[in-house]
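The values are calculated or read from the model by the stated rules, or taken from the named source; none is laboratory data. Computed from a predicted structure; not experimentally measured. Here Cβ is always computed from backbone atoms with ideal geometry, including for glycine, and neighbour counts include all displayed protein chains. The area values use the complete protein model at the heavy-atom level, side chains included, leaving out ligands, DNA and RNA. Shrake-Rupley method; radii C 1.70, N 1.55, O 1.52, S 1.80 Å.
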Amino acid sequence: GSSRIPAAFTGTVGLKPGRDSIDSRGLMPMAPDLDVVGLHANSVAATRAFFDQMASRSRVTASGVARRDMVVGLPRFREACVLDLDVIAAVDAMAARAMEAGARVTMIDIDLDLEELVRAVALICADCMAASYPDLVEAKAGLSDEFLARLSLAGQLPREHFATARDQVRIADGVLRASMQDFDALLLPITPFP
């Protein structure tokens, strides 16, 4: 979320590319299991140009216009989340824009427990941070109580909790990839509130 969430809150474009799409040498690791080089820009076109320059492999660049045959999945699990009405309206407006551009938007079911997944990712991040930056656990100065609690928790839980969290993320990744077989994209809110 460190690319997409700040972008959502600032009205810019944030892109989290696939792992290893951009060379990560020199990246200060936070959560090596999850880290990728993310991009921020003022427009989709600028983001694409930025990505094309940084991508580690050559790519065929799309036209930037929704294809007439594009199929977009709109997951129903968004209904299971507590979303601000403005966020729901924004997602619905994007779905309408996609349809106006010629895409087909289809409601789909994705079998994921989002609360469980959020807990798993938070646990993985805390574990990685505690392992990568042990001095933070001792320093405490300037760190939020929530962040310190996560770091502390990472040091107290049995290792199998972290293995289970990583398994949950791998399973969720498989579920999302399987759901993408019939779709070019999924349309989701980035944050539950504006």
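Some notes on this structure:
- The residues on offer are Ser152, Ser132, and the sole one that is at pLDDT below 80, of a type in the set (Ser, Thr, Tyr) and in contact with a Pro (Cβ under 6 Å, 6 or more places away or on another chain) is Ser132.
- Single condition Asp86 does not satisfy, out of (1) open to solvent by less than 80 Å² (accessible area, probe 1.4 Å); (2) modelled with pLDDT of 85 or more: (1)
- The helices (runs of 4 or more DSSP H) found entirely in segment 110-194 that carry 1 or more residues being surrounded by 14 or more Cβ atoms within 10 Å (Cβ to Cβ) and in contact (Cβ under 8 Å) with a residue 40 or more places away in the chain are 114-132, 159-179.
- Restricting attention to segment 29-50, the residues being aliphatic (A, V, I, L, M), open to solvent by less than 40 Å² (accessible area, probe 1.4 Å) and over 22 Å from Met129 (Cβ atoms) number 2.
- One residue from Ala93, Ala103 being loosely packed, with under 14 Cβ neighbours inside 10 Å, at pLDDT 85 or above, among the hydrophobic types (A, V, I, L, M, F, W, C) and on the phi < 0 side of the Ramachandran plot: Ala93
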